[in-house]
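Inspection log for the structure reproduced underneath, given as structure tokens.
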Amino acid sequence: MYLKINLALVALSFPLSFVLPPKVAFENGLIENLQVAVLLFSAALSFKLSLSAENSNSKWFHRFCAALMILFAMRELSYGRVFFQTGAFPSGEPTFVMMADFPYRKQIYIFLTIYILALLAILLKFIPLKRMLFGKKPVDALIVMTVAILVSQFGDHGYFVGKEYGAILEEVNELIAYMTFPKICLYYNEFFLNAKGV
């Protein structure tokens with residue numbers, strides 16, 4: 001049922017690209033803000049699961065997921081640039097300060113470098129990658145994520161719907177891809193619960 005519903009949403013995103021107003025896909029627009037909300041919800045869920053986790057690997061997995069979701073949310077917010085609007089295009093789409101002119105950009109780059117290196121260290125040291133790679137997986141969620149990411153790339157390049165409507169197709173399918181994260185987190189919560197002594 002999960003797979004059918006979400007693949008139907010992906011299919012529905014094609015006609016929606018012609019129906020929804022362009023402004024919903026603007027930078028810092030409705031869909032991007034929904035993406036951030038989903039990512040922050042996923043981060044909060046992962047953090048909550050880490051508090052109740054019964055073994056070390058489970059705790060670190062959920063901590064890693066929470067931190068990764070926060071990184072994705074920061075990316076969707078252009079690392080803060082969306083709070084510095086400089087004007088708007090004739091279409092009404094807002095423009096924002098360029099990264100080259102962004103305050104504290106060097107500090108942001110340093111922070112992101114340390115943050116990503118810390119994530120990689122956690123991934124390699126505390127996450128049982130081999131067990132997860134060769135064990136059972138949330139196949140339905142991974143299929144939805146893969147298809148949604150692929151279709152979002154179609155939108156980014158203007159395939160099937162053209163450049164004019166591609167932004168909506170891209171953003172809607174990014175949202176669908178992000179909506180798989182809570183299911184994946186819950187799946188692996190059960191995965192670790194059933195892995196005695198991990």
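The values are calculated or read from the model by the stated rules, or taken from the named source; none is laboratory data. Here the structure is a predicted model, which is why all the values come from computation and not from measurement. As a convention, Cβ positions derive from the backbone with ideal geometry for all residues, glycine included, and neighbour counts pool all protein chains shown. When the accessible area is computed, the model is the full protein with side chains, heavy atoms only, and any ligands, DNA or RNA have been set aside. Shrake-Rupley method; radii C 1.70, N 1.55, O 1.52, S 1.80 Å.
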Accessible area expressed per residue, the chain, with surrounding protein chains retained (probe 1.4 Å, Å²)
58
Residue 150 versus residue 111: modelled label distance in nm, points set 7 Å from Cα along the beta carbon direction:
3.7
Given the Cα-Cα distance of residue 91 and residue 33 and 0.36 nm per residue of separation, how much length would full extension add, in nm?
18.9 nm
Kirkwood hydrodynamic radius of the stretch 1-46, from inverse mean 1/r over distinct Cα pairs, in Å:
12.2
Mean-square fluctuation maximum in Gaussian network of the chain, Cα pairs under 10 Å, restricted to 108, 149, 127, hits 108
Could you check how much of the accessible area of the chain is carbon and sulfur, as a whole percent, using a 1.4 Å probe?
70
Kindly provide the helix-only [θ] at 222 nm of the chain, computed as the sum of -39,500 (n - 2.57) over DSSP H runs of four or more divided by all residues, to the nearest 500 deg cm²/dmol?
-23500 deg cm²/dmol
Nearest-0.05 FRET efficiency for residue 129 and residue 18 at R0 = 45 Å, using Cβ-Cβ distance, is 0.60
Computed from the mean reciprocal separation of all distinct C-alpha pairs, what Kirkwood hydrodynamic radius does the stretch 16-122 have, in Å?
15.8
At 0.36 nm per residue, minus the direct Cα-Cα distance, what do residue 143 and residue 8 gain on full extension? Give it in nm, one decimal, please.
47.3 nm
In whole Hz, what ³J(HN,Hα) sequence does the stretch 145-159 give by Karplus (6.51, -1.76, 1.60; θ = phi - 60°), x for Gly and Pro?
4, 4, 5, 5, 5, 4, 5, 4, 5, 4, x, 4, 9, x, 6
Summarise the long-distance tail of P(r) for the stretch 32-183 by giving the % of C-alpha pairs beyond 25 Å.
42
Of 106/130; 48/125; 48/106; 23/163; 4/136, pairs whose Cα-Cα distance is over 25 Å
106/130; 48/106
